[in-house]
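**Q** This structure is in structure tokens; I'll ask about it shortly.
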Amino acid sequence: MAERISALAGHVNPGRFGTDGEVGVTVREVPNLELMQVAAWPDTLATVGTKVADTVGSIEAPGPGRAATGNGCAVLRIEPLKFWMLGADAPRLGPNDGAVLDLSHSRTHLRISGPQAAILLNRHLPLDLRDMSFPVGTVASTAFDHVGITLWRTEDDFEVFLPRGFALSLWQTLLLGAAQFGCQVTD
């Protein structure tokens, strides 16, 4: 297997920058992403959804735009017929049931947290990230500087999945915006 090299290699410099006050945003690249896409056909969605839910120990598969977690992994319903599985092996599917695709090398995974994280992201994403509009467990495919990304809100963070080819430019844009809030980059 080829050695995985981060799209941000040499550009993640841990430390604090921006305002002299408190840290408003913490940004971290999550290394070694394990991301499997599982796609169902319209008539096999229930069967595939059950297999996906069983992998994380959930009673049922998440609905579109939602996530389920368990067993140290997560399932994100990114489209009506597609699931992303983080940190878990995809269930075995026959060609009549659906398709599985390893996306691990195609995305860069960022974790953004802190009291100003939603405000920072709202300045770059065309979404309302207030708690009532984008509650914990919500998943959205959206755009960041005209680049398609996936965003997942967890209990404490925003998980951002960037296309590998755009990761560095989006990382730099994100850090420029985060400086006004006081930013901590961690590794």
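**Q** Give the residues of region 78-92 that are under 16 Å from the mean Cα position of the chain (by Cα), closer than 12 Å to D54 by Cβ and not in a strand (DSSP E or B), sorted by residue number.
**A** Scanning region 78-92 gives a single hit, A88.
**Q** Could you count how many residues in region 1-53 are hydrophobic (A, V, I, L, M, F, W, C) and more than 25 Å from E79 (Cβ to Cβ)? Even if it seems obvious, please write down each step before you answer.
**A** Residues of region 1-53 that are hydrophobic (A, V, I, L, M, F, W, C), as a first pass: 1-2, 5, 7-9, 12, 17, 23, 25, 27, 30, 33, 35-36, 38-41, 45-46, 48, 52-53.
Then drop every residue that is not more than 25 Å from E79 (Cβ to Cβ), which leaves 1-2, 5, 8-9, 12, 17, 23, 25, 27.
The number of residues fulfilling the criteria is 10.
**Q** When you scan region 108-160, how many residues do you find that are in contact with a Lys or Arg (Cβ under 8 Å, 6 or more places away or on another chain), in a loop (DSSP other than H, G, I, E, B) and within 20 Å of L35 (Cβ to Cβ)?
**A** 1
**Q** Return the only residue of G94, G98 being within 25 Å of M36 (Cα to Cα) and buried (at least 17 other Cβ atoms within 10 Å of the Cβ).
**A** Values: G94 fails: buried (at least 17 other Cβ atoms within 10 Å of the Cβ).
Unique residue meeting the criteria: G98.
**Q** Any residue at all in region 38-45 that's touching a Lys or Arg at 6+ places or on another chain (Cβ under 6 Å), hydrophobic (A, V, I, L, M, F, W, C) and surrounded by fewer than 20 Cβ atoms within 10 Å (Cβ to Cβ)?
**A** Within region 38-45, one or more residues are touching a Lys or Arg at 6+ places or on another chain (Cβ under 6 Å), hydrophobic (A, V, I, L, M, F, W, C) and surrounded by fewer than 20 Cβ atoms within 10 Å (Cβ to Cβ).
**Q** Tell me the residue from V38, V48, V75, V27 that is free of Cβ contacts under 8 Å to residues at least 24 places away in the same chain, in contact with a strand residue (DSSP E or B) (Cβ under 7 Å, 6 or more places away or on another chain) and not in a loop (DSSP other than H, G, I, E, B), please.
**A** Going through V38, V48, V75, V27 in turn, the sole match is V75.
Throughout, read-outs are computed from the coordinates displayed, never taken from laboratory work. Here the structure is a predicted model, which is why all the values come from computation and not from measurement. So basically every Cβ, Gly included, is an ideal-geometry build from the backbone, and we count neighbours across all protein chains shown.
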